[in-house]
Amino acid sequence: MKLGVCYYPEHWPETDWASDARMMKAMGLTHVRIGEFAWSRIEPEQGRYDWGWLDRAIDCLHGAGLEVTLGTPTATPPKWLVDAYPEILPYDEHGHPRRFGSRRHYCFSSPVYWRESARIVEAIVGRYGRHPAVTMWQTDNEYGHHGSDESFSPAAKEAFRLWLEQRYGEVERLNEAWGTVFWSQTYRSFAEIDPPAATVTEPHPSHRLDWRRFCSDQMCRYNEMQVAIIRERSPGRSVTHNFIGDFTRLDHAKMGRALDIASWDSYPIGLLSEGPASHEKKQSWLTRGDPDFAGFNHDVFRACSPKWAVMEQQPGPVNWARYNPAPAKGMVRLWTWEALAHGAEFVSYFRWRQVPFAQEQMHAGLLAPDRTVQPVAGEIETIASEIARLEPLAQEKAEVAILLSYESLWQHEIQPQGNRSGPLRPARDLYTACRRLGLNVDIVFPDSELTGYRLVLLPAVTILDEALCEKLDRSGAMVLATALTGARTVSGRLPHNLPPGPLQRWTGVKVMSFESLPGFAEFDVTIEGKSWKASMWREAIETQGDVIGNFADGAPAFVRQGRFHYLACWPGEDLLLEILSRLCLQNEMPVIDLGPDLRMRSTARVKFAFNYGSAPIDLGGKGAPQEDNAYLLGGRMLTPSGVSAWPIRPILERH
Ligand code: GAL
């Protein structure tokens with residue numbers, strides 16, 4: 001449980017560095033990330049390196065007893081590099097190069113950029129790989145951000161053709177898999193296939209699905225290239241990458257395999273205002289963020305590599321959202337504890353000092369541009385002293401798992417069938433319902449081990465194969481598949497036996513037809529005489545199993561066969577809570593409705609409560625201790641933005 005900060009020594013006079021480092025240390029920070037955008041300062045001209053300033057910056061931080069995470073600076077190739085090799089730029093879908101003047105202006109498929117990236121990474125790692133202060137490396141910065149996952153450059157076109165050839169071998173197999181007979185899209189060779197862009201109407205969905213796979217793979221391969229250089233020349237150091245929250249264009253699980261620590265950048269308020277939440281929710285959580293935004297992403301990245309962390313934590317207003325309110329007092333502490341309670345190795349704040357120039361001059365830091373310490377620093381000092389009082393928090397496997405499949409998210413994004421609430425919505429709705437019921441959740445991926453879970457949830461996992469179904473069966477868990485699960489094959493086609501494809505055998509369900517509806521067109525699902533609302537999606541199913549819930553016209557809505565359950569619509573919040581509560585009850589898993597604003601997280605020996613709402617909450621009625629002196633942090637009355645923690649008995653091992 002460590003705290004850190006993102007620092008840009010190159011932005012400030014060298015005379016400030018030593019006192020910055022002392023102040024960091026005094027605030028309780030132990031880790032400093034530097035360097036990830038500093039290429040033009042490290043190599044002002046091709047082949048001429050200026051290490052002096054970076055040597056002194058690292059030594060200065062080291063001298064103050066701080067550990068350094070050094071970023072490879074490849075997110076910002078300098079102007080001379082772009083001018084010398086314009087082919088490294090990414091291309092937009094109309095075939096125009098995107099320009100120099102911001103960041104992430106490179107194409108993952110450019111062989112020249114690979115060569116130049118390897119060169120700068122080798123140079124930096126060669127110089128600092130064994131420096132005692134440098135304990136961790138960050139590769140690049142937020143792969144895929146700003147639409148940089150896609151480049152329609154000539155190099156990307158060549159690489160995509162090669163990727164397709166490797167996947168299909170013969171072009172006839174591709175034609176068959178995609179179904180190119182439709183609209184005369186048949187190809188005679190891989191050399192005829194372009195990236196799916198700038199077509200008259202929508203490009204072929206299978207073509208787009210493979211393009212998404214390819215773009216994600218290119219990012220993974222590029223990252224692996226950097227990781228290999230670091231591992232060879234900087235023994236014993238950890239390697240991380242800072243991922244983006246709620247981002248779906250990159251298969252984080254696949255990239256995470258190459259990393260020691262999957263870290264991510266948490267901007268709960270910025271992303272609430274940008275996201276698809278309703279107006280009421282945006283109003284309610286304006287200065288606190290969606291209670292499940294950070295938790296969900298913690299659980300995603302926790303599942304991606306052996307360790308995980310928050311590399312950038314929002315400390316105040318950001319500069320990039322539609323509107324940028326200040327977090328309510330106490331929220332930075334709450335977000336930090338929520339991360340630590342989920343098992344984060346460290347939480348690092350973005351950024352040390354607000355920069356008075358350039359694109360992010362309106363983004364808050366821990367210090368104002370004139371070095372005045374902002375009030376949020378007091379929250380950080382408090383956390384540091386609280387960490388010192390608590391024992392390390394051991395984590396336990398959750399009882400519930402939500403299965404996330406990136407290719408299903410891509411498929412959903414490519415053919416949403418009118419559902420515009422975004423591909424993550426089903427997973428997020430299930431996550432919120434579980435967390436509201438007080439459950440810890442593990443995110444799992446199609447290749448994860450599933451034994452030991454008591455309940456596995458499939459949120460519109462459109463692409464799933466026989467092997468995954470068998471693994472679900474062997475796990476012994478109760479399974480809930482929501483509508484759209486199994487609705488596509490790996491090639492993006494409707495399954496020949498109709499949805500839910502291979503899951504028919506286990507659920508006893510066959511989806512005969514489906515309709516998508518606007519959010520305002522709610523309809524009822526009735527279970528044992530009581531009705532709840534659903535909306536957006538409804539399927540007509542045939543079933544061999546038991547019917548638990550019905551639509552108003554009597555058609556089956558919620559069914560089960562053995563341990564496998566299928567829900568043939570998109571449930572409203574209350575229906576989802578009802579269904580999950582029932583499944584938990586049958587599974588002897590205790591649940592309690594915490595309401596919209598309260599969240600709890602159990603570690604092996606300590607339980608935490610977090611208040612995301614604007615009214616105090618009495619934890620006494622929620623299974624927490626009655627006496628204030630039984631708490632390790634906070635107490636029974638949980639103030640708005642407050643954190644409470646109390647010891648719990650070790651949970652017994654189950655078989
Ligand atoms: C992140 C990025 C940082 C900074 C920050 C501002 O996405 O990694 O470099 O731009 O946003 O909120």
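Just one of (1) modelled with pLDDT under 95; (2) among the small types (Gly, Ala, Ser); (3) more than 16 Å from the ligand (Cβ to nearest atom) trips up GLY256, so point out which.
That leaves (1) as the condition not met.
What pairs come up if the first residue lies in the range 311-329 and is closer than 13 Å to LEU272 by Cα, the second is more than 9 Å from the ligand (Cβ to nearest atom) and in a strand (DSSP E or B), and their beta carbons are under 8 Å apart, counting only those six or more places apart or on different chains?
GLN314/SER266
Looking only at the range 126-148, count every residue that is within 16 Å of the ligand (Cβ to nearest atom) and charged (D, E, K, R) and tell me the total.
Total satisfying the criteria: 2.
Here's a check for you: in the range 264-282, which residue that is away from the ligand (no atom under 16 Å from the Cβ) and not in a helix (DSSP H, G or I) is farthest from VAL227 (Cα to Cα)?
SER278
Just checking, which of GLY554, GLY519, GLY529 is farther than 23 Å from VAL479 by Cα and either under 29 Å from the mean Cα position of the chain (by Cα) or outside the structural domain of ILE463 (by TED's automatic domain parsing) (or both)? Walk me through it before giving the result.
Working: GLY554 fails: either under 29 Å from the mean Cα position of the chain (by Cα) or outside the structural domain of ILE463 (by TED's automatic domain parsing) (or both); GLY529 fails: either under 29 Å from the mean Cα position of the chain (by Cα) or outside the structural domain of ILE463 (by TED's automatic domain parsing) (or both).
Within the list GLY554, GLY519, GLY529, the selection yields GLY519.
Check the range 226-237 and report whether any residue there is more than 15 Å from the chain's Cα centre (by Cα), within 16 Å of the ligand (Cβ to nearest atom) and on the phi > 0 side of the Ramachandran plot. Please lay out each step first, then the result.
Our first condition is that a residue be more than 15 Å from the chain's Cα centre (by Cα); within the range 226-237, this holds for 226-237.
The next check asks that each one be within 16 Å of the ligand (Cβ to nearest atom); those that pass are none.
Within the range 226-237 (the criterion being more than 15 Å from the chain's Cα centre (by Cα), within 16 Å of the ligand (Cβ to nearest atom) and on the phi > 0 side of the Ramachandran plot), the answer is no, since none of the residues qualifies.
Looking at ARG161, is it of a type outside the set (S, T, N, Q) and away from the ligand (no atom under 16 Å from the Cβ)?
yes
Filter the range 518-539 for residues that are in contact with a Pro (Cβ under 9 Å, 6 or more places away or on another chain) and either at pLDDT 95 or above or of a type in the set (D, E, K, R) (or both) and give the result. Walk me through how you get there before you give the answer.
If we filter the range 518-539 for residues that are in contact with a Pro (Cβ under 9 Å, 6 or more places away or on another chain), which is where we start, we get 525, 532-536, 539.
Once the filter is applied, which keeps residues that are in contact with a Pro (Cβ under 9 Å, 6 or more places away or on another chain) and either at pLDDT 95 or above or of a type in the set (D, E, K, R) (or both), the range 518-539 yields VAL525, TRP532, LYS533, ALA534, GLU539.
Looking at the range 31-54, which of the residues that are touching a residue at least 60 places away in the same chain (Cβ under 8 Å), within 18 Å of ALA118 (Cα to Cα) and not in a loop (DSSP other than H, G, I, E, B) is nearest to the ligand (Cβ to nearest atom)?
Out of the qualifying residues, it is TRP39.
To keep it simple, each residue is scored yes or no on (1) of a type outside the set (Ser, Thr, Tyr); (2) more than 26 Å from GLN359 (Cβ to Cβ); (3) in contact with a helix residue (DSSP H, G or I) (Cβ under 8 Å, 6 or more places away or on another chain).
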{"site": "PRO13", "(1), (2), (3)": "yes, no, no"}
{"site": "ASP16", "(1), (2), (3)": "yes, no, no"}
{"site": "TRP53", "(1), (2), (3)": "yes, no, yes"}
{"site": "ASP59", "(1), (2), (3)": "yes, yes, no"}
{"site": "PRO78", "(1), (2), (3)": "yes, no, yes"}
{"site": "ALA84", "(1), (2), (3)": "yes, no, no"}
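Looking at the range 283-314 only, could you name the residues that are within 16 Å of the ligand (Cβ to nearest atom) and assigned to a strand (DSSP E or B)?
ALA309, VAL310, MET311, GLU312, GLN313
Which members of the range 1-15 meet the condition of being modelled with pLDDT of 95 or more and surrounded by 16 or more Cβ atoms within 10 Å (Cβ to Cβ)? Steps first, please.
Keep residues of the range 1-15 that are modelled with pLDDT of 95 or more, which gives 2-15.
Selection gives LYS2, LEU3, GLY4, VAL5, CYS6, TYR7, TYR8, PRO9, GLU10, HIS11, TRP12.
Among the residues of the range 526-558, write down those that are in contact (Cβ under 8 Å) with a residue 40 or more places away in the chain and under 15 Å from GLN586 (Cβ atoms).
Listed by number, the list holds a single entry, ILE527.
For the range 76-176, give me every one of the helices (runs of 4 or more DSSP H) that falls completely inside it and has 1 or more residues that are among the β-branched types (Val, Ile, Thr). Please lay out each step first, then the result.
Numbers: elements: 79-84, 111-128, 154-168.
Hits in the range 76-176: 79-84, 111-128.
I'd like the full set of residues that are assigned to a helix (DSSP H, G or I) and out of contact with any Lys or Arg (no Cβ under 9 Å at 6 or more places or on another chain), limited to the range 379-408.
GLU381, ALA384, SER385, ALA388, ARG389
Yes or no: TRP352 in contact with a Leu (Cβ under 6 Å, 6 or more places away or on another chain), more than 10 Å from the ligand (Cβ to nearest atom) and touching a residue at least 40 places away in the same chain (Cβ under 8 Å)?
On the way: in contact with a Leu (Cβ under 6 Å, 6 or more places away or on another chain): yes; more than 10 Å from the ligand (Cβ to nearest atom): yes; touching a residue at least 40 places away in the same chain (Cβ under 8 Å): yes.
Yes: the conditions hold for TRP352.
Condition check: touching a residue at least 24 places away in the same chain (Cβ under 8 Å) and either assigned by TED's automatic domain parsing to the domain that holds TYR612 or within 14 Å of the ligand (Cβ to nearest atom) (or both). Does ILE261 satisfy that?
No, not satisfied.
Any idea how many residues of the range 1-30 are within 16 Å of the ligand (Cβ to nearest atom) and outside any helix (DSSP H, G or I)?
5
Would you confirm, using the coordinates I've provided, whether SER284 is within 23 Å of ARG351 (Cα to Cα), in contact (Cβ under 8 Å) with a residue 12 or more places away in the chain and among the polar types (S, T, N, Q)?
So SER284 does not fit the description; no.
Looking at the range 134-160 only, could you name the residues that are among the polar types (S, T, N, Q) and surrounded by 20 or more Cβ atoms within 10 Å (Cβ to Cβ)? So that I can check it myself, show each step before the final result.
Residues of the range 134-160 among the polar types (S, T, N, Q): 135, 138-139, 141, 148, 151, 153.
Scanning the range 134-160 gives GLN138, THR139, ASN141, SER148, SER151, SER153.
Provide a single number: the residues in the range 465-480 that are among the charged types (D, E, K, R), over 21 Å from TYR406 (Cβ atoms) and not in a helix (DSSP H, G or I).
So the count comes out to 0.
Say we look at the range 321-331 and pick out the residues that are modelled with pLDDT of 95 or more, hydrophobic (A, V, I, L, M, F, W, C) and assigned to a loop (DSSP other than H, G, I, E, B); which of these is nearest to the ligand (Cβ to nearest atom)?
Once the filter is applied, the top-ranked residue is ALA326.
If ARG654 passes every condition in (1) modelled with pLDDT under 95; (2) within 23 Å of LEU480 (Cβ to Cβ); (3) outside any loop (DSSP other than H, G, I, E, B) but one, which one does it miss?
Failed condition: (3).
Mind listing whichever residues of the range 336-375 are among the hydrophobic types (A, V, I, L, M, F, W, C) and over 30 Å from VAL606 (Cβ atoms)?
TRP352, VAL355, PHE357, ALA358, MET362, ALA364, LEU367, ALA368, VAL373
The values are calculated or read from the model by the stated rules, or taken from the named source; none is laboratory data. This is a predicted model, so every value here is computed, not measured. All Cβ positions, even for glycine, are placed from backbone atoms using ideal geometry, and neighbour counts span all protein chains on display.
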